[in-house]
Amino acid sequence: MYLYINDGKVEIRDATHLWGLNTKETWQVLKEETGEDKLRVVAIGPAGERVSLIACPINDGHRAPGRGGGGAVMGSKKLKAIAVRGTGEIPVAHLEKVIEINKKVAAAMKNNEVAQAFGTYGTGVGTTQSALSGDSPVKNWAGVGIVDYGEEEAAKNNAIVTDKYKTKKYHCASCPLGCGAEYSVPDGRWPLEETDRPEYETYASFGSTLLCSEVDAILKCNDLCNLYGLDTISAGMTIAWAMECYNEGVLSREELDGIDLRWGDGEAIVAIMEKMAKGEGVGAILANGSLYAAKYFGKGEEYLQTASGIELPMHDPRFAPGLARTYKYDPTPGRHVKGGLGSVQMIGAEERDKYDYRNTGDMDLKLTASTEVMNASSLCYFGGMFMPLEAQNEYIEAITGIKFDEETSFLTGLRILNMRHAFNVREGIRPKDLTISDRAIGRPPLKEGPLANVTIDIDLLAKNFFEKAQWDLETGKPSLEILKKLGGLEEVVNDLYGAEALL
Ligand code: SF4
């Protein structure tokens, strides 16, 4: 079935004719059959239909809410797509004010060189630098950029290099930056008539993580993930796991369907990615992620780089230690878009020594809460990096007409965070059940390179955060006091403390 929402009218329609189509074909067919050229579609591809555990829905053919298997959820419910068209007005409390903030935001972006580079080349603009600085993981998190990848190879993999393929800029609705782009690769090993520019996470997960600098292979893998509906981070990282297993003699060539999966080999990477996208042979196993594959083969768990089972994203906590707390303890672990202390350490915006683990809780909690508000209000994480700090709250106040100062924003973010966290607590997940792979926290530390000798005190980072959040480190429970202070969380109080706690 697919869900069709047209100016408020909701229909569940038959999608038998869409089953088996890729995400772009689905979008096109739905536009034609509804007669709505401006139709917006989020759809799963064949990977989601097969309920691959790393499948994700794809929006507008290439934007992906990638992490955590949302495509598998849609596939399991036989929901092929959600198609939306609306022509109504969006009510805004103070339109003049919104226009005024828009102008301020656009000017700030225009006057910021980094924002302009970001608008021109997208999130992959600094991939090379990230691989060399230690920001990007290298060789399945065991390598060092300047040593194992090398400056020359790293320089071949970024969005400035691939800009020659750009045919058109892509903007999400009304965004002044427009960090997306459409590409066309006319020739070579994998010509792609129409494709989309990879994001940083994709350049890194198929690049430095696999020691691959063959950008045509990376563009092809990105295209396959978009069309079949797979999370590029989990796909790249699952290949990294298989690659290390193969190169260490844990998985044989026969077990990989005859593919010689050597480090950095673009042909081999594309061959295995194609199998994953189509669910063929060993690809049907790997398309469920690295943990599933390790369990299936009964070996290779020592090479998993995961947070509570999901493949780690492409910013290394050894470079920005706060990320270790976020990756391990966020209610949806292993996310690079959940804020926290690591988000400012990553861009060098924290003033104190980032490896000083004392007193991190306050800032960690504030930055996490603010990101919850950003995500929930559907502001863009990337765009947000270049907006004046106060603009987020100003927008919310101008649009809703509700007073939204710093304190309100903080409490709102905490309310969202506590709600998400309480879900896990109610389902029996305790802090001790959450895991992060040793390499990501420097156990053992790297011996050379910019991250040499870094071991992260994850326990202290967690303790600081839990104390500030008023969460119990044993049970995970938010204190009754904080839940009542935040307000509006009566159902959470009821579930975690019982009805009598409401009296
Ligand atoms: S809204 Fe964000 S993701 Fe979309 S084009 Fe703008 S900066 Fe890029």
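I'm checking my understanding of the structure. Among residues of the stretch 224-279 that are among the acidic types (D, E) and part of a loop (DSSP other than H, G, I, E, B), which one is farthest from K24 (Cα to Cα)?
Residues of the stretch 224-279 among the acidic types (D, E): 231, 244, 248, 254-255, 257, 260, 265, 267, 274.
Going one step further and asking which of them are part of a loop (DSSP other than H, G, I, E, B), we end up with 231, 248, 254-255, 257, 260, 265.
Values: D231: 16, E248: 38, E254: 34, E255: 32, D257: 29, D260: 31, D265: 28 Å.
Applying the filter and picking the extreme gives E248.
Which of the helices (runs of 4 or more DSSP H) contained wholly in the stretch 112-215 include at least 2 residues that are within 16 Å of the ligand (Cβ to nearest atom) and in contact with a Ser or Thr (Cβ under 7 Å, 6 or more places away or on another chain)? Quick ask: steps written out before the conclusion?
Numbers: elements: 113-121, 127-133, 151-154, 200-205.
Output list reads 200-205.
If you check A81, A154, A173, which single one turns out to be surrounded by fewer than 21 Cβ atoms within 10 Å (Cβ to Cβ) and not hydroxyl-bearing (S, T, Y)?
Details: A81 fails: surrounded by fewer than 21 Cβ atoms within 10 Å (Cβ to Cβ); A154 fails: surrounded by fewer than 21 Cβ atoms within 10 Å (Cβ to Cβ).
Being surrounded by fewer than 21 Cβ atoms within 10 Å (Cβ to Cβ) and not hydroxyl-bearing (S, T, Y) holds for just one of A81, A154, A173, which is A173.
Determine whether T23 is under 21 Å from the mean Cα position of the chain (by Cα) and modelled with pLDDT of 95 or more. Steps first, please.
Values: under 21 Å from the mean Cα position of the chain (by Cα): yes; modelled with pLDDT of 95 or more: yes.
The answer is yes for T23.
Working only within the stretch 34-56, note down all residues that are basic (K, R) and either free of Cβ contacts under 8 Å to residues at least 60 places away in the same chain or touching a His at 6+ places or on another chain (Cβ under 8 Å) (or both).
Step one: of the stretch 34-56, the residues basic (K, R) are 38, 40, 50.
Scanning the stretch 34-56 gives K38, R40.
Can you name the condition, by its number, that M346 falls short on among (1) modelled with pLDDT under 95; (2) within 16 Å of the ligand (Cβ to nearest atom)?
Unmet condition: (2).
Out of all the residues in the stretch 486-503, which are within 18 Å of L414 (Cβ to Cβ) and touching a Leu at 6+ places or on another chain (Cβ under 9 Å)? Give the derivation first.
First, pick out the residues of the stretch 486-503 that are within 18 Å of L414 (Cβ to Cβ): 486-493, 495-497.
Result: L486, G487, L489, E490, V492, V493, L496, Y497.
Would a scan of the stretch 402-411 turn up a residue that is within 26 Å of R318 (Cβ to Cβ) and surrounded by 21 or more Cβ atoms within 10 Å (Cβ to Cβ)? Give the derivation first.
Going through the stretch 402-411, the residues within 26 Å of R318 (Cβ to Cβ) turn out to be none.
Looking for residues that are within 26 Å of R318 (Cβ to Cβ) and surrounded by 21 or more Cβ atoms within 10 Å (Cβ to Cβ), one finds none in the stretch 402-411, hence no.
Within 16 Å of the ligand (Cβ to nearest atom) and in a helix (DSSP H, G or I): is that true of G413 in this structure?
Working: within 16 Å of the ligand (Cβ to nearest atom): no; in a helix (DSSP H, G or I): yes.
So G413 fails the test.
Which pairs have Cβ atoms under 8 Å, sit 6 or more apart or on different chains, and link a residue in the stretch 162-176 that is closer than 20 Å to T202 by Cα to one that is within 14 Å of the ligand (Cβ to nearest atom) and among the aromatic types (F, W, Y)?
Sorted first by the residue in the stretch 162-176, then by its partner, the pairs are D163/Y121.
With R420, R358 as the choices, which residue is in contact with a Ser or Thr (Cβ under 9 Å, 6 or more places away or on another chain) and either assigned by TED's automatic domain parsing to the domain that holds A469 or at pLDDT 95 or above (or both)?
On the way: R358 fails: in contact with a Ser or Thr (Cβ under 9 Å, 6 or more places away or on another chain).
The unique qualifying residue is R420.
How many residues are in contact (Cβ under 8 Å) with a residue 60 or more places away in the chain and of a type outside the set (S, T, Y) if we restrict to the stretch 358-384?
Qualifying residue count for the region: 9.
Only residues in the stretch 61-72 that are under 18 Å from G309 (Cβ atoms) count as the first member; pair them with residues that are part of a strand (DSSP E or B) and away from the ligand (no atom under 14 Å from the Cβ), Cβ under 7 angstrom, at least 6 apart or cross-chain, and list the lot.
R67/I310; G68/I310; G69/A55; G71/A55; A72/A55
Free of Cβ contacts under 8 Å to residues at least 24 places away in the same chain, basic (K, R) and either surrounded by 15 or more Cβ atoms within 10 Å (Cβ to Cβ) or in contact with a Leu (Cβ under 7 Å, 6 or more places away or on another chain) (or both): is that true of K31 in this structure? Walk me through it before giving the result.
Numbers: free of Cβ contacts under 8 Å to residues at least 24 places away in the same chain: yes; basic (K, R): yes; either surrounded by 15 or more Cβ atoms within 10 Å (Cβ to Cβ) or in contact with a Leu (Cβ under 7 Å, 6 or more places away or on another chain) (or both): yes.
For K31, the condition - free of Cβ contacts under 8 Å to residues at least 24 places away in the same chain, basic (K, R) and either surrounded by 15 or more Cβ atoms within 10 Å (Cβ to Cβ) or in contact with a Leu (Cβ under 7 Å, 6 or more places away or on another chain) (or both) - is met.
Would you check if S378 is out of contact with any helix residue (DSSP H, G or I) (no Cβ under 8 Å at 6 or more places or on another chain) and within 23 Å of F423 (Cβ to Cβ)? Before you say what the answer is, go through the steps one by one.
Working: out of contact with any helix residue (DSSP H, G or I) (no Cβ under 8 Å at 6 or more places or on another chain): yes; within 23 Å of F423 (Cβ to Cβ): yes.
So S378 passes the test.
The values are calculated or read from the model by the stated rules, or taken from the named source; none is laboratory data. Because the structure is predicted, anything quoted here is derived from the model rather than measured. Methodologically, a virtual Cβ is constructed for each residue, glycine included, from the backbone with ideal geometry; neighbour enumeration extends over all protein chains shown.
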